[in-house]
Amino acid sequence: MTAVFPSAYFPSISYLKSYLAHENHAIELFEHYPKQTIRNRCDIATSNGKLRLSIPVKKPFGSKSLTKDIRIDHESAWQNEHWRGIRTAYAGAPYFEEYAHEIEDLIYTKHTHLVILNTSILQFFYKVLDLPFTAKSTKDYQKEHIQDFRDFAFGQQVIQKKYIQVFYESHGYIQDLSILDLLFNEGPFIRNWVLPRSL
């Protein structure tokens, strides 16, 4: 049975852990695109607490637009805002310098469609984990005979294995942030949080 996941922008730790736990998985492309979800936003930790980064998008067919058709709105300078927020939040993190250039490139590469950007992000994390990557996506919309994670509350899960966060002393431990938080703090050791034990 295929586990179907939403496309996600710098997904949460629980998202990547769940995605990797299902060998037969696919990204949903044929749903009617829902507003205000992980498909175009993520949460990072800053000196002021949790910060939500959102990509502005264009829906070419209004409410009937499918996820595969959603275009990134490049009329705003969202890349500057996102990179500035990430750099400010994580410049002091142990692995920031090691990954900063690649993350900056992911953000500033001018993709036309949201799913293409999100797929490139997923591919990058596969590289960090030293795993072979093949883009897997749905061919149509299905309601049955799948494991459905499209509306799962990723980003709100309790991560049992904690790690040291940059602003822990100011705000305490913040659960299930974007995988960026774990990457900059733990580097390649993110595998200890997201990989199934069999890998």
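The values are calculated or read from the model by the stated rules, or taken from the named source; none is laboratory data. Everything numeric in this text was worked out from a predicted model, so none of it was measured. Heads up, the Cβs are rebuilt from the backbone with ideal geometry, glycines too, and the neighbour counts pull from every protein chain shown. Side chains included, ligands, DNA and RNA excluded: accessible areas come from the protein's heavy atoms. Shrake-Rupley method; radii C 1.70, N 1.55, O 1.52, S 1.80 Å.
Residues in segment 47-56 that are in contact (Cβ under 8 Å) with a residue 40 or more places away in the chain and open to solvent by 20 Å² or more (accessible area, probe 1.4 Å) were compared, and the one that is nearest to residue 93 (Cα to Cα) is 47. Only a single criterion out of (1) crowded, with 18+ Cβ neighbours inside 10 Å; (2) touching a Lys or Arg at 6+ places or on another chain (Cβ under 8 Å) is not satisfied by residue 60, namely (1). Selection of segment 79-93 for residues being surrounded by 14 or more Cβ atoms within 10 Å (Cβ to Cβ) and in a loop (DSSP other than H, G, I, E, B) yields only 93. Among the residues here, residue 76 qualifies as open to solvent by less than 70 Å² (accessible area, probe 1.4 Å) and at pLDDT below 95.
Every residue, every condition in (1) at positive phi; (2) among the acidic types (Asp, Glu); (3) in contact (Cβ under 8 Å) with a residue 60 or more places away in the chain, yes or no:
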residue: 77; (1), (2), (3): no, no, no
residue: 98; (1), (2), (3): no, yes, yes
residue: 105; (1), (2), (3): no, yes, no
residue: 119; (1), (2), (3): no, no, yes
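Within segment 16-45, residues that are of a type in the set (Phe, Trp, Tyr) sit with their Cβ atoms under 6 Å from residues that are open to solvent by less than 60 Å² (accessible area, probe 1.4 Å) and assigned to a loop (DSSP other than H, G, I, E, B), at 6+ positions apart or across chains, in these pairs: 30/138; 33/65; 33/70. I'd like the full set of residues that are open to solvent by 30 Å² or more (accessible area, probe 1.4 Å), within 16 Å of residue 5 (Cβ to Cβ) and charged (D, E, K, R), limited to segment 16-40. Hits for segment 16-40 are 17, 23. Residue 135: without any contact (Cβ under 8 Å) to a residue 12 or more places away in the chain and not β-branched (Val, Ile, Thr), yes or no? In short, no.
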